[in-house]
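Structure first, then comments.
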Amino acid sequence: MTTTGQILEALADPTRRGVVEQLAQGPRRAGELAQAAGVSAPAMSRHLRVLLGVGLIVDERNRHDARLRVFRLRPEGWSELDGWLEGMQAAWQQQLGAFRDYTAERGKH
C-alpha cells in the first residue's frame, strides 16, 4: 500500500506535478507528456514509472499496437492523499475555531 509520504515525495518533483496537471486534462501518450515538459523520452519514462509506482496514474495499451501506451489519472490512487488532506483541514478548522473562541472570550473582558 502506498503511503501519503510516498505520494507527496512523488509529487515533490515539478515535472511530475506537470504530468499530473496534463493528465487532469485527459489521457496522453508519453511522447506528448515529454514534449510538454521539455524533457527527453527516457527522463519522462522515469517520471512516469514513479507516478505509476505510487498508483496515481495508470497506463493502457492499445489492443492493436502494444507499444502504444496512453497514460491517465487513476482516481482511486488519490484517496490516500485526499484522506490526509481532509484530516489536516479538520485539524486547522478546529484550531482556528479554538482561536476564534479564545479571542471572543478575551474581547468580553
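Taking the longest Cα principal axis of the chain as reference, the axis of helix 14-24 is set at about 80 degrees.
The sum of -39500 (n - 2.57) across all DSSP H runs of n ≥ 4, divided by the residue count of the chain, sets its helix-only mean residue ellipticity at 222 nm to -20500 deg cm²/dmol. Among the listed values (i) 180; (ii) 90; (iii) 127, the one computed from these coordinates for volume of the Cα convex hull per residue in Å³ is (iii). With θ taken as phi - 60° and the Karplus curve 6.51 cos²θ - 1.76 cosθ + 1.60 applied, the whole-hertz 3J(HN,Hα) list for region 30-44 is 4, x, 5, 5, 5, 5, 5, 8, x, 10, 6, 4, x, 5, 5 Hz, x standing for glycine and proline. Structure remark: mean-square fluctuation, Gaussian network model of the chain, C-alpha springs under 10 Å; the largest value among Asp82, Asp65, Asp13 belongs to Asp65.
Less than 5 angstrom separates the built amide H of Arg29 from those of Phe71, all sequence-distant by 5 or more or on a different chain.
Summarising the amide proton neighbourhood of Leu56: residues at separation of 5 or more, or on other chains, whose placed amide H is nearer than 5 Å comprise an empty set. What the Cβ-Cβ distance of Gln25 and Leu96 gives, at R0 = 41 Å and to the nearest 0.05, is a FRET efficiency of 0.75.
As a footprinting exposure proxy, order His64, His47 by other Cβ within 10 Å, with the fewest listed first.
Ordered from fewest to most neighbouring Cβ atoms within 10 Å, His64, His47 come out as His64, His47.
Taking a label point 7 Å from the Cα of Leu8 along the Cα→Cβ vector, which residues of region 87-104 have an amide N closer than 17 Å to it? Hits in region 87-104 for Leu8 at 17 Å: 87-93. Charge dipole (Cα centre; +1 on Lys/Arg Cβ, -1 on Asp/Glu Cβ; no other charges) of region 4-107 amounts to roughly 560 debye.
With axes computed from alpha carbons, what is the tilt in degrees of helix 79-107 against the longest principal axis of the chain, rounded to the nearest 10 within 0 to 90? Here the helix axis deviates by roughly 20 degrees. Residue order for Arg106, Arg74, fewest other beta carbons within 10 angstrom first, comes to Arg106, Arg74.
Any read-out appearing in this document is the output of simple, stated calculations on the displayed coordinates, not a laboratory observation. All values reported here derive from a predicted model rather than from experimental measurement. Backbone-built Cβ (ideal geometry, glycine too); neighbour counts: all protein chains shown.
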